[in-house]
1. Considering only the stretch 91-139, state which residues are charged (D, E, K, R) and closer than 15 Å to ALA267 by Cα.
2. Only one residue in LEU42, LEU87, LEU71, LEU19 is surrounded by 16 or more Cβ atoms within 10 Å (Cβ to Cβ), out of contact with any Phe, Trp or Tyr (no Cβ under 9 Å at 6 or more places or on another chain) and either assigned by TED's automatic domain parsing to the domain that holds VAL115 or touching a residue at least 12 places away in the same chain (Cβ under 8 Å) (or both). Which one?
3. Could you identify the single residue in ARG647, ARG656 that is loosely packed, with under 10 Cβ neighbours inside 10 Å and either in contact with a Cys (Cβ under 6 Å, 6 or more places away or on another chain) or not in a helix (DSSP H, G or I) (or both)?
4. Give me the pairs, please: first residue somewhere in the stretch 511-535 and within 22 Å of GLN547 (Cα to Cα) and touching a residue at least 40 places away in the same chain (Cβ under 8 Å), second residue anywhere and surrounded by 12 or more Cβ atoms within 10 Å (Cβ to Cβ) and charged (D, E, K, R), beta-carbon distance under 7 Å, and either six or more positions apart or on two chains.
5. Using beta carbons and a limit of 7 Å, which pairs, at least six apart or on different chains, have the first residue in the stretch 128-147 and under 15 Å from TYR24 (Cα atoms) and the second one assigned to a loop (DSSP other than H, G, I, E, B) and of a type outside the set (D, E, K, R)?
6. So ASP476 ticks every box in (1) surrounded by fewer than 19 Cβ atoms within 10 Å (Cβ to Cβ); (2) charged (D, E, K, R); (3) closer than 30 Å to TYR606 by Cα but one. Which box is left unticked?
7. Kindly indicate which of LEU393, LEU408 is outside any strand (DSSP E or B), under 22 Å from TYR441 (Cα atoms), of a type outside the set (Gly, Ala, Ser) and in contact with a strand residue (DSSP E or B) (Cβ under 7 Å, 6 or more places away or on another chain).
8. Out of all the residues in the stretch 517-526, is one or more surrounded by 19 or more Cβ atoms within 10 Å (Cβ to Cβ), over 30 Å from LEU404 (Cα atoms) and either modelled with pLDDT of 95 or more or more than 36 Å from the chain's Cα centre (by Cα) (or both)?
Amino acid sequence: MNSSKHTELANHAWSVADLLRGDYKRHDYGKVILPFTMLRRLECVLEPTREKVRETHEKFGGQDVDVARFLRRASGHRFYNTSRYTLKSIASDPGQAEKHLLQYIGAFSDNAQEVLHRYEFPQQIRRLDAANLLYRVVGRFADLDLRPVERDEHGQVVTDERGQPKVVVSNHQMGYVFEELIRRFAEDSNETAGEHFTPREVIELMVNLLVASDDDALSVPGVVRTVLDPACGTGGMLSAAEEHITQLNPSATVQVFGQELNAESWAICRSDMMIKDQDPENIKFGNSFSDDGHRDGRFDYLLANPPFGVEWKKVQDEIEKEHDELGESGRFGAGLPRINDGSLLFLQHMISKVKPVTADGKGGSRIAIVFNGSPLFTGAAESGESRIRQWILENDWLEGIVALPDQLFYNTGISTYFWILTNRKSPDHRGKVVLLDARDYFAKMRKSLGDKRKYLTGEQIGEITRLYTEALHVADAPEHPLHQKVKVFANEDFGYRRITVERPLKLHFEVTEETLTQVRESKPIQKALDVAAFETALKPLMGRSWQTKRAAWDAVRSAMAEAGVFWPTGAPFQKALREVIGVRDPEGEVQLVKGEPEPDAELRDYENVPLHEDVEEYLRREVIPHVPNAWIDHTKTKIGYEIPFTRHFYVYKPLRPLAEIDAELKALEAEIQALLGEVTK
């Protein structure tokens, strides 16, 4: 479908807004336009077999048989409608429009009715009728030609010069129409279009990377492949995956599965699946985390564009319960990310649904998911995010990460990344991760759509795909023109030890006015003795200092004895006393605990040391030259994993000369003055 046809159909559907204005607020237009567009598409698809379905219904009606099975067979689809009504006939009888339309949608199969009810369509029908708009809206949609193929006056499919059916609006083309309508609805209702669908060219690239290494397997005649999107939106990714695989192999059978939380997006996706003769029951409604609609499913391909940075507080109890009770036998055993970003929960959910690899090396699955930068590095060592990354890398599932341009999505201008995972890496990829920098591959849009100001051209999609599939070769070839775009790392390169570097506590000791103030405020000292008497005992020591703890203690003991104050037994008093008369001093006495230097918490530092490096050697090389008395507290060492993508592709750009900046500012100032001069004329 060319863009003018696509726009023409979307404009026709959206023209109903002219009728709704006044009776509906702008942000509610989509509640009418989307379900009516869907209804009209269903009607157009079912039109060729409508009479056959009615005859079958009359023949088997009232008999003790599974009528639905015969009706589906008669319709040629997984849905049907037994009514004698059409939108055109309903529009011709304005006085009965509400009654007839409700009867019409009530004659659909249960799966189609469920979709329409998710739109709250009956309520909209009643509201439109009360405003005396229903028959006019119905009439407008009755004129919208959404036939899948063209037919002649005898109902026969019209073919082109190659003998192929002449397409009016294909399923793929219908997807573009829906996307345009959803985008308009989202903009008018102040929602983000990106919550409902992903740009088509982004999906195309994602699917390319998902199946690229499987071209040989997908070419086998009659191959069957299953695809899951656990945050499927309107189903764009599922449709693209199905299309791509069937283009590679027209004899392939692709079964798609999905789950979606947004009712309208779910309704569109499920309708689309019915039209394409996919099983609509495969598209589940609800939250994938708390109500997994594919609990026991295992799939060949899994892909998703989950919402970025969305908190999972609403399902926190269910997720934490599964994490605590099921551990690694559940979906979230590796770890839980922070509550304000559930991205890595989606990835764990998807990993739980991969097919196992058989003894002969067959089976297994591939995963593609869109993330922002946060899952790459958020979370310190042994945090939930770090543990999840560690789990993925130590199991050798991460095949590659592709950095995409910013401003590529409708609802965010930030940089995004594809993560590609598989549990059946090819031998040359095992133990390795590919990082591919595709941030410079984009074209500027003539007109922005939300935050989307850039897009990928077909040529760029092809080049990124080739670069990814040839990544190992490109990385090993310094002379390759795209060598700088690809880097290959060992899994353990992303791991590190978070070491705690300690330095000794060094003190000298003194009694000052501040010391007496601290004595009066010290709870342990108050508990151990009479504070007033102790303060009186210390006053003769005012202004004195000692270089060692022993000397200080001896002086304080003597002063207390002279004042008749008893020296308390036990460690708490001595610890509190050191707190009030001890002063940190780089030249002071090293404090010991059981003969070992006591660490100074204020001088404590942390270092991240790569896993493949010896931490003691690191200390000797990087730390000891600067602080010779430092040591590592190995009891506090933690293992962490992060993927610092941008660090690996950082290119230093020297600062511009001041003269150049100054000249640019002067030119800009002159331009402004000239404009001001024009205004004042």
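The values are calculated or read from the model by the stated rules, or taken from the named source; none is laboratory data. A quick note: this is a predicted structure, and the numbers were derived from the prediction, not measured. Every residue, glycine among them, receives a Cβ derived from its backbone with ideal geometry; neighbour counts consider all protein chains shown.
1. Passing the criteria: ASP110, GLU114, ARG118, GLU120.
2. LEU19
3. Answer to the check: ARG656.
4. Pairs found: VAL511/ARG544; VAL519/GLU535.
5. Once the first residue is under 15 Å from TYR24 (Cα atoms) and sits in the stretch 128-147, its partners that are assigned to a loop (DSSP other than H, G, I, E, B) and of a type outside the set (D, E, K, R) give VAL137/VAL16.
6. (3)
7. So the residue among LEU393, LEU408 that is outside any strand (DSSP E or B), under 22 Å from TYR441 (Cα atoms), of a type outside the set (Gly, Ala, Ser) and in contact with a strand residue (DSSP E or B) (Cβ under 7 Å, 6 or more places away or on another chain) is LEU408.
8. Checked the stretch 517-526: at least one residue is surrounded by 19 or more Cβ atoms within 10 Å (Cβ to Cβ), over 30 Å from LEU404 (Cα atoms) and either modelled with pLDDT of 95 or more or more than 36 Å from the chain's Cα centre (by Cα) (or both).
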